1. Which residues, taken from the stretch 136-151, are among the charged types (D, E, K, R), under 13 Å from residue 6 (Cα atoms) and either modelled with pLDDT of 90 or more or touching a strand residue (DSSP E or B) at 6+ places or on another chain (Cβ under 8 Å) (or both)?
2. Taking the stated definitions as given, is residue 100 assigned to a loop (DSSP other than H, G, I, E, B) and either open to solvent by less than 20 Å² (accessible area, probe 1.4 Å) or at pLDDT below 80 (or both)?
3. Can you report the number of residues in the stretch 103-131 which are surrounded by 15 or more Cβ atoms within 10 Å (Cβ to Cβ) and modelled with pLDDT under 75?
4. Could you count how many residues in the stretch 3-57 are exposed (fewer than 13 other Cβ atoms within 10 Å of the Cβ), β-branched (Val, Ile, Thr) and either in contact with a Phe, Trp or Tyr (Cβ under 9 Å, 6 or more places away or on another chain) or under 18 Å from residue 118 (Cα atoms) (or both)?
Amino acid sequence: NIISSISKTCKDVMGVNGIRPFKQAIEWINAANTVFFFGVGASGIVVMDFMQKLIRLEKRCVYSIDSNFGVLNSRIATKEDIIIAISFSGKTKAVNLAVKGIAITRNFKSELEALADLKLLVPSTELNATRLAPIFSRYGQLFIVDILFLGLAKQKTDSIDEFMDQYDNLLSKLK
């Protein structure tokens, strides 16, 4: 049941968004000088996953797990940068204070959704009886991150495998 639900979540992410917002997000992230991230709690874990992937692509990223620093970081972002806010609820004040950019949030009207220039939506799964909704929302967020990463990596090389081999070679030189 869990595997089936994860698969459905990924299909629903594509159904809710289509391909156009992903292409736009990839273009904006690729053109940005620096990517500023905002997210706390479980969404902060998704931020760290995305940031690690972008750093592999040699993209400068800024994120602080301390939301106070996040608010301060929002003040130094320029027009050459992009802000990515991740909050499933869309109600997190420390995330919403800083947003003008891309939001990864649930498919439901929220403050974050209204503030963002571009939205990548996660289906709002209701599984309250089993309290599994946070698990599937996180899979939806991570699926979005992976699509963006693969799209950005594809712009660096025609072969994702070739890119990962180059990255592994770099790591082996550090050993």
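1. none
2. So residue 100 passes the test.
3. Count: 3.
4. Looking only at that region, the number is 1.
The values are calculated or read from the model by the stated rules, or taken from the named source; none is laboratory data. Values in this document were obtained by computation on a predicted structure and should not be read as measured data. Here Cβ is always computed from backbone atoms with ideal geometry, including for glycine, and neighbour counts include all displayed protein chains. Side chains included, ligands, DNA and RNA excluded: accessible areas come from the protein's heavy atoms. Shrake-Rupley method; radii C 1.70, N 1.55, O 1.52, S 1.80 Å.
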